[in-house]
Amino acid sequence: MTRTNIALLVLIACVAALPLFGDAYAMRLGTMACMYAIFALSWNIVGGFAGYPSFATAAFFGLGAYTTGILMNKGVPLSVSLLGALVLCLVLAAALGAVLLRLRGHYFAIASLSLVEVFRELVNNATDLTGGGMGLNIPLVSGSSVLSDATFFFYAMWGLLLLTALVVIAVSASKLGFGLNCIRQNETASNMVGLNSTLYKAVAFGLSACFVGAAGGLYAAWVHYIDPSDVFDILYSVKPIVMALMGGLGSPLGVVCGAFVYLGLEEVVWRNYIQIHSGVLGVLIILLLLFLPHGLISLHASKIWRGLFGRKAKHV
Amino acid sequence: MLAIQVLINALVLGCLYACIAIGFSLVWGVLNVINLIHGSFIVLGAYLAWGAYNALGLSPWYSLLIAAPSFFVFGYLLQRLLLNRVITAPVLVTLTLTFGLDLILNNAMIYYFKADYRKLILNPPTGSVSIFDVVVPVDRLIATASALALTFLLYLLLRRSKVGRAIVAVRLDRDAAVLMGVNVKSIYAVAFGLGAALAGCAGVLMALIFPISPLTSSAYLGKAFVVCVLGGLGSVSGALAGGLLLALVEGVGSVYLGPAHAVTLSFVLLIIFLVVRPQGLLGRKGFE
């Protein structure tokens, strides 16, 4: 295991200490931080390792949220519902990935964007099952007190983040991660030397969707009410990209740092400029792309960084 | 009779869809940028027509004359000052940049115009014509005719004018165009400006028919995606074919599956086309 990956696990372990200091508000922020970190790490498998610009995060977030919500309404316990959401997203994304990841560049971006629209419209129209535009109420899980509820969902989301990080580290160290790197650098050449790129990409897409789906399920149980325009919001697809660009594309530690920094900025903007928060987010995106295209890692005197953690983040 | 009505509706709507999509298709084809701000440009154009009609009493035809040059300048400057800096970057960067721009413009519109739905109501109303049992509202007919005229104007511009030929040349082969003395930077900006102007004009026409709200921008953008992929990228005739096909599919789908499923159907069709026939119905390289 490389030193950056150890640093990543240490960072995640530090986050777990939050309930020692924080009140319910801090726990809410912590839960969001873990959710965003899951998004960023998951997106990084397809967008960072394999170099495919995926905008499908929101599709699987919403799918997971609705799967969990519907199962819980039928009386299935939360843990089983989450597992169901995870497996469904894994299988469906792998199947879709095998088809959609044949497309490259702009066409893949458009197809993955459309996936969000298709899922949202399907959920919108299946009123009997999902409640359509009226949204879906989800039964309370514990409901004893505000703080214990907040602590429960914080640790649940944190546990999911830890699982995601371990899987991402395992992927990056394995043959799969190596193959995805080859695909990013030159897909035709990696096909030529006998790499089954369709299989690799499908597995990568599945892995990048399943934890997002489970996070969506936890989110649904956490907020107790979901509707299609909330959970299939295209912003959920774009935020992980901004986080990854902010932290440094391709490096798991970088994208998690990017997720935390992004959440901090978002919270400050939300609290102070509620009416123009999406405009401020737009300005932030543009400044980031124009002036800091390789993320915070590049800003941070890269030599010091290398001295501390051994290896520089991969640029795409 | 129902079949004829559906066909006529598709014809009318298809031309409007083509008009929504040609600007998007031009920018995608020439600059290789997926311009996510396109939908918001259309809505801004609709607000321009609405404001000019309600505040100044200007008819939408004059709004077209205002929209075209002002949106052109806006788009030209946007490309020159911002987009040009990342034009060679991978799709992830250009797409995210236009998404950021879209967030800003859309937020500004919600801030100033509020998210309420508004409608440009012509006074006196234009009514509708009916031949046998087929009914067509006159405002839709006028909007469709104008949309066709705009599309034809772009075709003429690309075909006959010097700058149009230069745009086509850059689209066909950027490097060869540079060698022939075409100033690619300026052509990029002109193409983006044209795309914005077409979006603004399309918005003015949409204001005649559809309700206006900043929240509708993503629906317009979605239509532009689907039309471009169905018809094939980078040709005026492709956009027209794509628009007509989309309108026909939506119309027939609405009749047989219910109108709620029309959007789902169009995006499923988009994904199928991307996988099976990514070059679209009339796809080939080059703008006429």
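Taken together, the values in this text are just the output of simple stated rules run on the coordinates, not laboratory data. Owing to the predicted nature of the structure, the values given are computational and were not obtained by experimental measurement. Cβ atoms come from the backbone with ideal geometry, glycine included; neighbour counts cover every protein chain shown.
Report the calculated FRET efficiency for A:Val76 and A:Asp230 (r = Cβ-Cβ distance, R0 = 22 Å), to the nearest 0.05.
So, using R0 = 22 Å, E works out to roughly 0.50.
Counting alpha carbon pairs within less than 8 Å and at least 6 residues apart, what relative contact order, in whole percent, applies to chain B?
36 percent
A:Cys14 to A:Leu166: FRET efficiency via 1/(1 + (r/R0)^6), r the Cβ-Cβ distance, R0 25 Å, to the nearest 0.05?
So the FRET efficiency works out to roughly 0.95.
Sequence gap at least 6, Cα distance under 8 Å: using those rules, report the relative contact order of chain A to the nearest whole percent.
For chain A, the relative contact order is 32 percent.
Starting from the Cα-Cα distance between B:Leu281 and B:Val134, subtract it from 0.36 nm times their residue separation and give me the gain in nm to one decimal.
50.0 nm
Which one of A:Val141, A:Pro19, A:Leu90 is farthest out on the positive end of the charge dipole of the protein assembly as shown, using unit charges on Cβ (Lys, Arg +1; Asp, Glu -1) and the Cα centre as origin?
It is A:Leu90, whose Cα lies furthest towards the positive end.
Put +1 on the Cβ of every Lys and Arg and -1 on every Asp and Glu Cβ in chain B; which of B:Ala260, B:Pro214, B:Ser63 then has its Cα farthest towards the positive end of the dipole?
So the residue we want is B:Ser63.
Choose one of B:Val12, B:Gly251, A:Ser251: the residue whose Cα lies farthest towards the positive end of the charge dipole of the protein assembly as shown (beta-carbon charges +1 Lys, Arg; -1 Asp, Glu; about the Cα centre).
Highest projection toward the positive end goes to A:Ser251.
Go ahead and estimate [θ] at 222 nm for chain B from helices alone: -39,500 (n - 2.57) per DSSP H run with n ≥ 4, summed, over the residue count, rounded to 500.
Counting only the DSSP helices, I get -24500 deg cm²/dmol.
In Å and from the alpha-carbon atoms only, list the Rg and Dmax of the stretch A:3-233.
So, for the stretch A:3-233, Rg and Dmax equal 18.1, 59 Å respectively.
Testing the spin-label approximation: label points 7 Å from Cα along Cα→Cβ at B:Arg165 and B:Leu65. State their distance in nm.
Modelled inter-label distance: 3.1 nm.
Give me the distance between the Cα centres of the stretch A:42-119 and the stretch B:116-194, rounded to whole Å.
Each part's Cα centre sits 37 Å from the other's.
Where does the Debye-calculated log10 I(q)/I(0) of the protein assembly as shown sit at q = 0.06, 0.07, 0.12 Å⁻¹, using only Cα point scatterers of equal weight, no solvent?
-0.32, -0.44, -1.27
Considering lysine pairs in the protein assembly as shown that are 8 or more places apart or on different chains, how many have Cα atoms under 20 Å apart?
Final tally of qualifying lysine pairs is 7.
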